[in-house]
Amino acid sequence: MRNKEFINQNTEHMNTIRLGDIAPNFTANTTKGRMDYHEWLGENWGMLVSHPADFTPVCTTELGTMANFQNEFDERKIKIAAISVDSLESHFEWIKDIEETQNASVDFPLIADADGTIAGLYGMIHPNADSTMTVRSVFIIAPDKKVKLILTYPAATGRNFDELLRVIDSLQLTEYEMLATPANWKKGDDCVILPSVSNEEATKRFPKGFKTVKPYLRLTPQV
Ligand code: BEZ
């Protein structure tokens, strides 16, 4: 049973993280051993997701889906980790259920945060929603450790991991190719050339050419 007072002590000064901030570092016990988060990420991208609690139905399906998407994350050089305000022993027991019910092998670390320290650091507890459970947060972190995406879902709504992969593809196109992605973009659709890129530079950078719909709206096939 979670100790409300104990968790509240660690989360009363809830941190607020904004895009562009350095993701807070932490050390923790995980189902894959002791972790220094920044060191563990190394030169990779990171995705840190919080789960309201172990042994809950929606979380069980989410972690199974994450596990089954492991190859997709590996292809994009994203190291994934999940966290909830539960103990390591509880995580190990829960993984057995996830693997049994979701036909999955959980190869990413589940971080134990029984006292809520990391949840406090990342602002994952929204006390007016629930004072002991984390909301469903997603943080996507670039290799320079800067936070590139923050999403917050309520406890009862499971996240869409296809959407998270889509966002990661968009973030990486911006980071490496100077491209943005328009509304409802899907992998393979035309992209938007960043406004900071001049027409001259765009001609060199995008050999397939680009279409100028308006001077500020230039489309080019995905690189
Ligand atoms: C769940 O993970 O299933 C869940 C957790 C808290 C509230 C509702 C659902």
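Could you please state, rounded to a whole Å, how far the C-alpha centre of region 157-174 is from the C-alpha centre of region 40-106?
Using only Cα atoms to place each centre, the spacing works out to 16 Å.
Find the lysine pairs in the chain meeting two conditions, Cα atoms under 16 Å apart and a separation of 8 or more places or different chains, and report how many there are.
Numbers: Lys32/Lys79; Lys32/Lys96; Lys77/Lys145; Lys77/Lys146; Lys77/Lys148; Lys79/Lys145; Lys79/Lys146; Lys79/Lys148.
Final tally of qualifying lysine pairs is 8.
Take every DSSP beta bridge with both residues inside the chain and express the antiparallel ones as a percent of the total, to the nearest 5. Intermediate results must be reported in sequence, preceding the final value.
On the way: 23 of 32 bridges.
Looking only at bridges with both residues in the chain, the antiparallel portion is about 70 percent.
State to the nearest 20 debye the size of the charge dipole of region 178-220 about its Cα centre, where the only charges are +1 on K and R beta carbons and -1 on D and E beta carbons. Present the calculation step by step, with values, prior to reporting the outcome.
On the way: 8 positive and 4 negative charges, 21 e Å.
Around 100 debye, computed over region 178-220.
Relative to the longest principal Cα axis of the chain, at what angle does helix 88-102 sit, 0 to 90 degrees, rounded to 10?
Taking Cα atoms only, the helix is inclined about 60 degrees.
When ranked by the protection proxy of mean other Cβ atoms within 10 Å per residue, highest first, what sequence do the peptides 97-103, 197-203 form?
On the way: 97-103: 15.0, 197-203: 12.9.
Order by mean packing, descending: 97-103, 197-203.
Could you tell me how many cubic angstrom of Cα convex hull volume region 6-158 has per residue? Before the final figure, lay out each step's value.
Values: hull volume 14.8 nm³, N = 153.
Given the Cα convex hull of region 6-158, per-residue volume reads 97 Å³.
Under 8 Å for C-alpha pairs, at least 6 residues apart: give me the relative contact order for the chain, rounded to a whole percent.
Values: 393 pairs, mean separation 49.9, N = 223.
With pairs under 8 Å counted, the relative contact order is 22 percent.
No lab work stands behind these numbers, since they all come straight from the coordinates. Just so it is clear, the model here is predicted, and its values are computed rather than measured. Glycine also receives a Cβ, built like all others from the backbone with ideal geometry; neighbour counts cover every protein chain displayed.
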